[in-house]
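Taking it in order: structure first as structure tokens, then the write-up.
The values are calculated or read from the model by the stated rules, or taken from the named source; none is laboratory data. Model, not experiment: these values are computed from the prediction. Cβ placement follows ideal geometry from the backbone for every residue including glycine, while neighbour counts extend to all protein chains displayed.
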Amino acid sequence: MNDKVKLTKAGKKKLEEELRTLIDVTRDEVKKQLAEARAQGDLSENADYDAARNKQAEVEARIKQIEDILDNFELIEENSPRNKNKVGLGSVVTVKNLTNGKESTYQIVGSVESDPFNGKISNSCPLGEAILGKNVGDVVEVKSANVYKVEIVKLDK
């Protein structure tokens, strides 16, 4: 993985908290589930044991994934004075869809933190890519399954 994962301070903190919970709480819970399932006897047809092993694999995979992210990230400077007038990572931007007139506000974040339902879009999604580096008043074309245009209405750093 050559490219650094882009994270806001809040995103980094959230990942660190999730990692601590997985290591300190969830791992122990899964170990208990495995021990209880083993105590039931024959493991060859033990659905509880299989479920606990699957859960253990999921937990360990997520721990490894978070550790890899935290070993290779770049912190997004959300309130950076540079490029205050341009949309960048960490920017909170309001755009107006010129097809339906609807305005939406999003924070531009790295792909790991992307959560469109909570107003966080990735810098690599079609809308994020289209508005990066643009200014208030710019009209840009968003190349997605249905191409549309948006106008950048407001920009907060």
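Observations on the structure shown:
- You will find that of Ala145, Ala51, Ala130, Ala61, the residue that is over 18 Å from the mean Cα position of the chain (by Cα) and either in the same structural domain as Gln33 (by TED's automatic domain parsing) or among the basic types (Lys, Arg) (or both) is Ala51 and no other.
- Contacts under 9 angstrom Cβ, first residue in the range 88-111 being assigned to a strand (DSSP E or B), partner of a type in the set (Phe, Trp, Tyr), 6 or more apart: Val92/Tyr106; Val93/Tyr106; Thr94/Tyr106; Val95/Tyr106; Asn97/Tyr148
A quick yes/no check of all residues on (1) within 25 Å of Glu29 (Cβ to Cβ); (2) of a type in the set (Asp, Glu); (3) surrounded by fewer than 18 Cβ atoms within 10 Å (Cβ to Cβ); (4) in contact with a Gly (Cβ under 6 Å, 6 or more places away or on another chain):
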{"residue": "Asp42", "(1), (2), (3), (4)": "yes, yes, yes, no"}
{"residue": "Ala61", "(1), (2), (3), (4)": "yes, no, yes, no"}
{"residue": "Asn85", "(1), (2), (3), (4)": "no, no, yes, no"}
{"residue": "Gly101", "(1), (2), (3), (4)": "no, no, yes, no"}
{"residue": "Tyr106", "(1), (2), (3), (4)": "no, no, no, yes"}
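- Selection status of Gln33, surrounded by 16 or more Cβ atoms within 10 Å (Cβ to Cβ), of a type in the set (S, T, N, Q) and either at pLDDT below 95 or under 24 Å from the mean Cα position of the chain (by Cα) (or both): yes
Let's see how each residue does on (1) touching a residue at least 40 places away in the same chain (Cβ under 8 Å); (2) among the acidic types (Asp, Glu):
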| site | (1), (2) |
| --- | --- |
| Glu36 | no, yes |
| Gln40 | no, no |
| Glu45 | no, yes |
| Asp48 | no, yes |
| Ala57 | no, no |
| Glu60 | no, yes |
| Lys64 | no, no |
| Leu70 | yes, no |
